[in-house]
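Single-structure report; data block below.
The values are calculated or read from the model by the stated rules, or taken from the named source; none is laboratory data. Source: prediction; values computed, not measured. A quick note on method: Cβ atoms are made from the backbone with ideal geometry, for glycine too, and the neighbour counts reach across all protein chains shown. The accessibility values were calculated without ligands, DNA or RNA, using every heavy atom of the protein model including side chains. Shrake-Rupley method; radii C 1.70, N 1.55, O 1.52, S 1.80 Å.
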Amino acid sequence: MGYADAATSSGDAFIDRARRLAFLQGGATMTLEWIFRIVEQYWPMFLRGAGITLLIALIGTVLGGMIGLLAGVVRTIPCPERGVKRYLLKTINFILSVYIEFFRGTPMIVQAMVIFYGAALAFGYHMNPIIAGVVIVSINTGAYMAEIVRGGIISVDKGQYEAAQAIGMNHIKTMINVVMPQVIRNILPATGNQFIINIKDTAVLSVISISELFFVTKTIAGNNYRYFEAFFVVCILYFIMTYTITLILRYIERRMDGPDNYVMTANQIDTAEDIKRKNQGM
Amino acid sequence: MEAVIDIQGLSKSFGSHEVLKDINFSVNKGEVVTIIGSSGSGKSTLLRCVNLLEKPSGGKIIFNGENILDDKHDVHQYRKNLGMVFQQFNLFNNHNVIGNCVVGQVKVLKRSKEDAEKIAMKYLKVVGMDAYVNAKPRQLSGGQKQRVAIARALSMEPDVMLFDEPTSALDPEMVGEVLKVMKELAGTGLTMLIVTHEMEFAREVSDRVVFMDKGVIAEEGTPEQIFNQPAQERTKEFLKRTLK
């Protein structure tokens, strides 16, 4: 090691100590200054990170929701008493159970490692990290959603299922036209929950170097030796994202429920618009 | 008379509990048949067996000359011919009043939406619910819901209407409006099979009354025979308990 190197490294140590000292002495004003400086300097990076986080969480929740709905419908098909169909259905249900239990029972961070590096090892194929992220979040969410959907289907009272059967609908028609629209309404709060969890849990995807929000923040914090400030900023960012989702979902729920009282359309010439206006109490 | 549904030797067990034993009876075209009997006598189960919501354990159901309990018969095809009205209404909560009457016509009978709406409106008028076309089920009273449920079943224009205790879940002041609609329907020559606890109503509208007790048909006949000169001791006892 040359003389100059030693000087630099001891110099670095000096600056570091000075910074720590400054933090203690400067206190809150220093920290606040740093927060503003970080936001000012790095907002495009934060925004891009937040965008990737939202993208993965959104696509993951939507695809996961679809997997869940499909799995839910299949798992509630009434089992035929005999025949090939019975064994086929039993096999499919068994595979679905394995999938659900496995993905609910292992940490997503581990799943990410196994799938990402597994794909590389098995097929010599280096997945695009973002696509890998979407796949992991989707199948993970799908496992949870399958159970949520099953609960939602059970919660629609059996009478409506019977009524649909009684007018000649088969299982699929009953599900599409009667049960599922109600299931979707019923599981909306749980789905919102899942979406919020996904926004937060994409943070673990930084282990497969996806440049989502957490990954970006780690980089920014490291560059400036400002861990508290950088993570404080991202803390607020995460909360803004999740709370916005909550508000949007509440609005959708209210829209779906509609008004509690019905204004009778005594006048048959009323147009759909009139009736809508009356029902909104205007 | 031409039998629409002919039931031969029908039985039904839940596990080892035999609910229906060797039931034989038929419903003729244009006939109004009511099934009476105490709770647990198997009358609802019988009605649910007729449209296969409960799978019979044995026997035959002959519809249009064919045994629909054969394996080759499609349950869903068969059910198109039967309208069912439930005790708990069972309206589709995700559809409004007209939607409840239209969805089956469009998805099962493959009618166009316009035709289906026309037909739905016709039957909603019959039950007096045409002013509520856009209401959601939760905005309606029990009696209104049941009338919509009747319109929904009628919209499928079935050969036979089945009523499973249609007024048992209603408040007393709403029973009248539903029975009134049913009386009007009975007058139009519709084939109806009704399970009911309303004795006065049964006496008034029925062409034939079937009295069930402990899973068998104990007695059947015209309303006069059953209500005025019951032949069986258990029929007499049941009527004494219900007609005060």
Conditions (1) in contact with a helix residue (DSSP H, G or I) (Cβ under 7 Å, 6 or more places away or on another chain); (2) within 14 Å of another protein chain (Cβ to nearest Cβ); (3) open to solvent by 10 Å² or more (accessible area, probe 1.4 Å): number failed by A:HIS171: (1)
Within the stretch A:174-208, tally of residues that are of a type in the set (S, T, N, Q) and facing chain B (nearest Cβ under 10 Å): 3
Residue match in the stretch A:229-240 (condition: at pLDDT below 90 and either more than 23 Å from A:LEU55 (Cα to Cα) or outside any helix (DSSP H, G or I) (or both)): yes
Filtered residues of the stretch A:150-169 (kept if in a helix (DSSP H, G or I) and either closer than 30 Å to A:MET113 by Cα or charged (D, E, K, R) (or both)): A:ARG150, A:LYS158, A:GLU162
Every residue from the stretch B:105-143 that is within 20 Å of B:PRO166 (Cα to Cα), within 12 Å of chain A (Cβ to nearest Cβ) and open to solvent by less than 30 Å² (accessible area, probe 1.4 Å): B:LEU124, B:MET129, B:PRO137, B:LEU140
Output for the stretch A:69-96, where each listed residue is in a loop (DSSP other than H, G, I, E, B) and farther than 25 Å from A:ILE184 by Cα: A:PRO80, A:GLU81, A:ARG82, A:GLY83
So B:GLY189, is it touching a residue at least 60 places away in the same chain (Cβ under 8 Å), surrounded by fewer than 20 Cβ atoms within 10 Å (Cβ to Cβ) and under 25 Å from B:VAL102 (Cα atoms): yes
Test: residue in the stretch A:165-186 that is without any contact (Cβ under 8 Å) to a residue 12 or more places away in the chain, of a type in the set (Val, Ile, Thr) and over 30 Å from B:ASN100 (Cβ atoms): no
Residues located in the stretch A:97-149, provided they are of a type in the set (A, V, I, L, M, F, W, C), surrounded by fewer than 20 Cβ atoms within 10 Å (Cβ to Cβ), in a helix (DSSP H, G or I) and over 18 Å from the mean Cα position of the chain (by Cα): A:VAL98, A:PHE102, A:MET113, A:VAL114, A:ILE115, A:ALA119, A:ALA120, A:LEU121, A:ALA122, A:PHE123
Filter result (part of a helix (DSSP H, G or I) and facing chain A (nearest Cβ under 8 Å)) within the stretch B:150-163: B:ARG152, B:ALA153
Subset of the stretch B:37-76 (residues that are more than 18 Å from the chain's Cα centre (by Cα), open to solvent by 40 Å² or more (accessible area, probe 1.4 Å) and within 14 Å of chain A (Cβ to nearest Cβ)): B:SER57, B:LEU69, B:ASP71, B:LYS72, B:HIS73, B:ASP74
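For the stretch B:77-104, name all the residues that are of a type in the set (Phe, Trp, Tyr), surrounded by fewer than 20 Cβ atoms within 10 Å (Cβ to Cβ) and within 17 Å of A:MET180 (Cβ to Cβ). First the steps, then the outcome.
Within the stretch B:77-104, the first condition is being of a type in the set (Phe, Trp, Tyr), and the residues that meet it are B:78, B:86, B:89, B:92.
So of that shortlist, the ones also surrounded by fewer than 20 Cβ atoms within 10 Å (Cβ to Cβ) come out as B:78.
None; the set is empty.
Can you name the strands (runs of 3 or more DSSP E) wholly within the stretch B:1-98 that have at least 2 residues being within 30 Å of A:PRO259 (Cα to Cα)?
In the stretch B:1-98, the matching strands (runs of 3 or more DSSP E) lie at B:82-85.
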